[in-house]
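*Asks:* Here it is: the structure, laid out below.
The values are calculated or read from the model by the stated rules, or taken from the named source; none is laboratory data. Please read these numbers as outputs of a predicted model, since none were measured by experiment. Ideal geometry is used to build each Cβ from the backbone, glycine not excepted, and the neighbour counts take in all protein chains shown. The area values use the complete protein model at the heavy-atom level, side chains included, leaving out ligands, DNA and RNA. Shrake-Rupley method; radii C 1.70, N 1.55, O 1.52, S 1.80 Å.
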Amino acid sequence: MRSEPLTPFARALRKAVWAFVLISSLSAITYGIYSWKREQQEVKDNLTILSGFLASASQSFFDDLGNGLEPLGQLLDQSGALKNPEIARADLLQFQIRHPDVGAMAMFAPSGEMLINTAVKPGLPLPNFIKDPPYYKQLMADMQSAERYNVSRPEFGKALGQWRIAFRYVVRDKKGKPRFLLQAALPLEREGTFLHRLPLPPSSYIGLLRGDGYQQARWPADDPKRVYGKLSQGPAAKMIEANPGIKTGVFGGISPWSAQDGQRIGAFTKLPGSNMYAYISAPAAYVAQQWWRHNAPILLSFLFCLALFSAGAYRVSRREQSHSQELLHQARRDALTGLPNRAAINEILRDTINFASDHAREFAVLFVDLDRFKDINDAYGHVVGDHLIVAAANTIQSALRDVDVLGRF
């Protein structure tokens, strides 16, 4: 079935609708690109701020721990704990209570021999780290270090039975020679440590990265063996290695231990007093989540308005089209009989002549007149004359075939 031709108004309205949709779509795309870039920058800025907070909190935690070990070392030295280590147990345990992040406390002699460990019950044998060359080498290096305190690389604690950081403070005599070394073991496989005190985005990774490329601490670490004791191949470590002395930075990519999470975005900040970097990373999808959360009301409102405008324009166009077709229909019909009028008959006759000519067909035209019709109008009035015309039209129409056309010429 051939569709009715559009009226000029309907064509103009349709063009206006398409122009509005096109301009609105381009505006929405432009806004989407702009807001996406803005969201990316905002996420990077927020991650940088969070990494700065983590760096400051970590440095404060280390400083606080060092400040606490100094008077503890003086107390133990005065109490004779070097000669009788067991008398230091109560003070060491009390220190753990004041610092819940500490999992165990230990004392070492200048020779590297462990004197006491709060994770080992009295009377039980203590681990002999002298037989562990890498551990013993680092222990003796920290014993001779001039630093106020030292934070070792993560190691699997033999007494604690889990991965931990060794925070070491050396008690010296008046000549600066080591009297003994205090070690606070900071577990890395439990919650509630200094790494868990920031409001973080979902699925975040946080931690400390050493300047030499080794992981100092990380949460979560589902498989610590894959994280600790090995040089990091992540994007943050590569950026720090390529830019010595860098203070802060933003990175993106896939980390070896989080490949299942796909692309990530993060930031790092150097600790003020240590050669470590606090970092935080979130899934790249977090940017999309934030973008949708901030822009969904605007986009949904735009789509709603666009749908409302399109529906309204469609209804107006359909009504105008219907009204135009009705007017056109009325213009081609006789007002009295409803039959095709002279203009319609001329069009039908022209189309019929063309069809018959093209297909070698024949047709007939019959012109019917009502004799003395004027006398009816004069004698009975035009109302009766109109009724007569309608009656005559109905009578003739009832005798025609479906293919025949009757009109009032």
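*Asks:* For region 68-210, how big is the tail of P(r) above 25 Å, as a whole percent of Cα pairs?
*Replies:* That fraction is 27 percent.
*Asks:* Leaving out ligands and nucleic acids, note down the accessible area per residue over region 269-409 with a 1.4 angstrom probe, in whole Å².
*Replies:* I get 72 Å² per residue for region 269-409.
*Asks:* Going by alpha carbons, how many degrees (0 to 90, nearest 10) lie between the helix axis of 382-398 and the longest principal axis of the chain?
*Replies:* Taking the Cα atoms of the chain, the angle to 382-398 is about 70 degrees.
*Asks:* Round to a whole number: what % of the accessible area of region 123-188 belongs to carbon and sulfur, probe 1.4 Å?
*Replies:* C and S atoms contribute 54 percent here.
*Asks:* Please report, as a whole percent, how much of the solvent-accessible surface of region 292-409 comes from carbon and sulfur atoms (probe radius 1.4 Å).
*Replies:* Answer for region 292-409 is 59 percent, counting heavy atoms of protein chains only.
*Asks:* How many nm separate the modelled label positions at LYS121 and ASP358, each set 7 Å beyond the Cα in the direction of the Cβ?
*Replies:* Label at LYS121, label at ASP358, 10.8 nm between them.
*Asks:* For region 130-165 and region 359-381, what is the separation of their C-alpha centers, rounded to whole Å?
*Replies:* So the two Cα centres are separated by 121 Å.
*Asks:* Let me ask another. For the pair ALA288 and SER301, how long in nm is the line joining their label points, each one 7 Å along Cα→Cβ?
*Replies:* That separation, rounded to one decimal, is 2.5 nm.
*Asks:* Within 10 Å, count the other beta carbons around each residue, average over each peptide in 225-237, 171-183, 279-291, and list them highest first.
*Replies:* 279-291, 225-237, 171-183
*Asks:* Hey, what's region 38-145 come to in accessible area per residue, 1.4 Å probe, Å²?
*Replies:* Accessible area per residue: 49 Å².
*Asks:* Same structure again: How big is D for the chain, in µm² s⁻¹ as a whole number, if Stokes-Einstein is applied with the Kirkwood radius of its Cα pairs at 10 °C and 1.306 mPa s?
*Replies:* Roughly 53 µm²/s, to the nearest whole number.
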